[in-house]
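Trainee: Okay, here's the structure, questions in a sec.
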Amino acid sequence: MSVVSGVLLAGLVLPVAGGVGLTAKSTAEGFDDIPDDFKTPPLTQATQIFDAKGGLIAKVYERDRTVLTADQMSPYMRHAQVDIEDARFYEHGAVDLKGVLRALGKNAEKGTAAEGASTLTQQYVKNVNVENAGENKDAVKEAQRKTLGRKIQELKIAIKLDEELPKEQILTNYLNITFYGNGAYGVEAASQRYFSKSNKDLTVAEAATLAGLVQNPSQYDPKLHPVAAQKRRDTVIDKMLENKHITADQAAEAKAAPLGLKYKDPQNGCITAKAGMGFFCDYVRHVVKQDPVFGKTAEDRKKFWDKGGLNIYTTMDPDKQAAAQNAVSGNVKVTDTVSAAATMVEPGTGKIVAMAQTRPYGLDTTKNQTVVNLNVDQAMGGGTGFQPGSTFKPIVAAAALEAGLPPTQEYSAPNKLEYPTMKTCEGTWRNDGHPRTVVPNESVNEKGPYQLKMAMALSVNTYFVQMEQDIGLCAVKQMANKFGITTKASGKPLEEVPAMALGVEEMSPLTMANVYATFAAEGTHCDPVAITRITTVEGKDVPAPPGHCEKVFSDSTARAMNTVLNGVTENKGTGAALNLKDGRQIAGKTGTSDHKKAAWFNGYTPQLATAVWLGGPAGGVEMRNITINGDFHTEVFGADGPGPIWRDAMNDALRGTPKQSLPMADIPDPAPPKPDPSSTGTGTTPPSGPPSGSRTGAPSDDN
């Protein structure tokens, strides 16, 4: 069998041994064009994600590799690899006939197949096949099968490749594709892994250590098997001396040197991101895997991400990120039963400049870690969202102003109210349950009449239900769509129910931050943006998702809403205690969901919009008689739970920036409502179930 195999292999190079050899040569000559994968293989490389100031957020990869050119590699590395793997590399063709015959002879003497005869070119072809198989285990197994058919196929490609590429290029490609153990692919990753330095800076001994790994990365692992690794290294050094690539003195010095490892564990993925930035890193990954600009299909986008080799420059401002992270961590302990999340968005651009949450990014649940990004929708790595409570009311108000209602619009706003019949986009909603569902205000003394400014400042539930009835649920839904809210955080469609004004449909902090950024930008809504620029490691630009901004409501509505929401933070407003240290003008809205399971404060200045959520990570913690960050709360509202987090984050994020004023409207203050001694309001908590009628939805508490 050995003799026959030798003849077959020899025939591929010297086709004089009959039909098999002639057929192989003929097939090899039939390769008019070698696939580009073999000339310039699409090697997977590490992708680096940077913040807006150029700082590295994280390094992510399917395979840790940095592709080098020949002149970026150590000459010692190139010589060492050739000398130990294929000393006659520059003398023979794609197949080394002398090597084949020598191997056959030695194996025959030993009665084993202990010595192989593959050239570097043949090994390179095999590595390309394995690389192209990716993470598909079956494909990798197939690429590594030692069948005669596969061997002949690899040989044919190697023959043609040897004709078309210079030897130096084949060697460079080989050194970039080869696996060196411990997750390191290619000589640069290997140099960084074992010696914490670039390949071009390796010593003779270090280069020999790496070159010796290729034959068996596990057996010669210098970290686990230092004795075997050093013995293998010295063998490589002897080969380098034998082939006159180093002097006797260099060889002696190299063999006398210790292994000198400076091993660096693989640093991969968003779990290695700078403190607090893991969730934003993960969001960037989801953007790449979902935006059509990176590929028409999900499979195309996955291949684009897996291939890597990208420098992704993002919108994250490290200073604002630190402000947001310090605020959530400083007000809620990681061990508390509740968590907090905060997202900051730049008005007028949609740039996400911060994304923080109390619980750290990671897989160790014993340390309260999570990989669920509570700031974003489920499709982008988040959960199913949280009821935003009355922070949704400004959307209703904007819809009403755009429909022609004046900013002084007045309603009776009784202490409690049966949900009235309302028009939807496709029909009519009716409160036809038995008994009919009632929505109360938070306080027994909270009853109208009220105008918009005071109703928003006090967050009067019945006022906004009456406003919904006036303009119809369809107008509210359409305005929500303009703000970018086309679905709930879970991806399920928005429902046209009266309780939507009270924020019963779950949203994410990013969604709500973007809503308030639209108010801050005077009615200009921008889709959220996380990526500003992408280049390859070679410096070539890659198309990034284009930003999209659109004016969604008028300047007059914008000025009126600024005035109304500024009133929430002044005088009798529910957010009056949240003014910033430097006294700059702010606007915002508190919100608390049904049964106090979520509390919010969303607010803005002209430069920055921030949404802060507080609640149980899975949405099931009722925030009554609860201790948060060591402080006991009888019940939690938007102003005293997430409000201080918002204030701390904004104080820090805006420190030293110019004060800017919000464009305002002149809305006269209404006369305060006269007390009604005959009132019999009970001030009961809204029911937890949905309003009776054709659709689901539950009223929310608020303040």
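Trainee: Count, please, the residues in region 407-430 that happen to be over 43 Å from the mean Cα position of the chain (by Cα) and of a type outside the set (Lys, Arg).
Mentor: 12
Trainee: Still on this structure, I have one more. Taking the stated definitions as given, is ASP282 open to solvent by less than 70 Å² (accessible area, probe 1.4 Å), under 24 Å from MET344 (Cβ atoms) and part of a helix (DSSP H, G or I)?
Mentor: yes
Trainee: If ASP51 satisfies every condition in (1) under 20 Å from GLN122 (Cβ atoms); (2) modelled with pLDDT of 90 or more; (3) of a type in the set (Asp, Glu) but one, which is the exception?
Mentor: (1)
Trainee: Something else: Checking LYS303 against (1) under 26 Å from MET512 (Cβ atoms); (2) of a type outside the set (Ser, Thr, Tyr); (3) assigned to a helix (DSSP H, G or I), only one condition comes out false. Which one?
Mentor: (1)
Trainee: Okay, moving on. Taking the condition open to solvent by 80 Å² or more (accessible area, probe 1.4 Å), touching a Phe, Trp or Tyr at 6+ places or on another chain (Cβ under 9 Å) and of a type outside the set (Val, Ile, Thr), does LYS262 pass?
Mentor: Spelling it out, LYS262 is indeed open to solvent by 80 Å² or more (accessible area, probe 1.4 Å), touching a Phe, Trp or Tyr at 6+ places or on another chain (Cβ under 9 Å) and of a type outside the set (Val, Ile, Thr).
Trainee: Restricting attention to region 559-572, which residues are open to solvent by 10 Å² or more (accessible area, probe 1.4 Å) and not in a helix (DSSP H, G or I)?
Mentor: GLU570, ASN571, LYS572
Trainee: Tell me the residue from ARG533, ARG584 that is open to solvent by 10 Å² or more (accessible area, probe 1.4 Å), in a strand (DSSP E or B) and at pLDDT 95 or above, please.
Mentor: Exactly one residue qualifies, and that residue is ARG533.
Trainee: Scan region 373-388 and tell me whether some residue there is open to solvent by less than 20 Å² (accessible area, probe 1.4 Å), modelled with pLDDT of 95 or more and over 30 Å from LEU363 (Cβ atoms).
Mentor: No.
Trainee: I'm told PRO498 meets every condition in (1) open to solvent by less than 30 Å² (accessible area, probe 1.4 Å); (2) over 20 Å from SER593 (Cα atoms) except one. Can you identify the failing condition by its number?
Mentor: Condition (2) is where PRO498 drops out.
Trainee: If I filter region 208-229 for residues that are in contact with a strand residue (DSSP E or B) (Cβ under 6 Å, 6 or more places away or on another chain), in a helix (DSSP H, G or I) and under 28 Å from ARG63 (Cβ atoms), do I get at least one hit?
Mentor: no
Trainee: State all residues of region 615-672 that are of a type in the set (Val, Ile, Thr) and assigned to a strand (DSSP E or B); if no residue qualifies, say none.
Mentor: Correct list: ILE626, THR627, ILE628, THR634.
Trainee: Next question, about the same structure. Take region 315-333 and flag every residue that is open to solvent by less than 50 Å² (accessible area, probe 1.4 Å), outside any helix (DSSP H, G or I) and either within 26 Å of THR627 (Cα to Cα) or without any contact (Cβ under 8 Å) to a residue 24 or more places away in the chain (or both).
Mentor: Within region 315-333, just VAL332 meets the criteria.
Trainee: Determine whether PRO406 is part of a loop (DSSP other than H, G, I, E, B) and open to solvent by less than 70 Å² (accessible area, probe 1.4 Å).
Mentor: Answer is yes for this residue.
Trainee: Output the residue which, of all residues in region 546-558 that are part of a loop (DSSP other than H, G, I, E, B) and open to solvent by 30 Å² or more (accessible area, probe 1.4 Å), is nearest to GLN72 (Cα to Cα).
Mentor: Checking each candidate, the answer is PRO546.
Trainee: Let me ask something additional. List, please: which pairs have Cβ atoms under 9 Å, are six or more places apart or on different chains, and start with a residue in region 510-531 that is within 16 Å of ALA399 (Cα to Cα) and end with one that is of a type in the set (Lys, Arg) and not in a helix (DSSP H, G or I)?
Mentor: Matching pairs, first to second residue: TYR516/LYS589; GLU522/LYS551; GLY523/LYS551; THR524/LYS551; HIS525/LYS551.
Trainee: Can you find a residue in region 620-629 that is on the phi > 0 side of the Ramachandran plot, modelled with pLDDT of 95 or more and not aliphatic (A, V, I, L, M)?
Mentor: Yes, region 620-629 contains a residue that is on the phi > 0 side of the Ramachandran plot, modelled with pLDDT of 95 or more and not aliphatic (A, V, I, L, M).
Trainee: Could you identify the single residue in ALA513, ALA517, ALA489 that is of a type outside the set (Ser, Thr, Tyr), outside any helix (DSSP H, G or I) and touching a strand residue (DSSP E or B) at 6+ places or on another chain (Cβ under 6 Å)?
Mentor: ALA489
Trainee: Could you please find all residues in region 173-188 being within 27 Å of the chain's Cα centre (by Cα) and within 15 Å of LYS223 (Cβ to Cβ)?
Mentor: Answer for region 173-188, where residues must be within 27 Å of the chain's Cα centre (by Cα) and within 15 Å of LYS223 (Cβ to Cβ): ASN182, GLY183, ALA184.
Trainee: Quick test for you: out of THR391, THR343, THR384, pick the one residue that is on the phi < 0 side of the Ramachandran plot and in a loop (DSSP other than H, G, I, E, B).
Mentor: So the residue among THR391, THR343, THR384 that is on the phi < 0 side of the Ramachandran plot and in a loop (DSSP other than H, G, I, E, B) is THR384.
Trainee: What is the residue count in region 359-382 for residues that are touching a residue at least 60 places away in the same chain (Cβ under 8 Å) and among the polar types (S, T, N, Q)?
Mentor: Residues flagged as touching a residue at least 60 places away in the same chain (Cβ under 8 Å) and among the polar types (S, T, N, Q) within region 359-382 amount to 4.
Trainee: Identify, please: which residue in region 176-235 is crowded, with 23+ Cβ neighbours inside 10 Å and of a type in the set (Asp, Glu) and is, among those, farthest from PRO266 (Cα to Cα)?
Mentor: My answer is GLU206.
The values are calculated or read from the model by the stated rules, or taken from the named source; none is laboratory data. On a predicted model such as this, the values are computed, not experimentally measured, just so you know. Using ideal geometry, Cβ is built from the backbone for each residue, glycine included, and neighbour counts are taken over all protein chains shown. Accessible surface areas use protein heavy atoms only, side chains included; no ligands, DNA or RNA. Shrake-Rupley method; radii C 1.70, N 1.55, O 1.52, S 1.80 Å.
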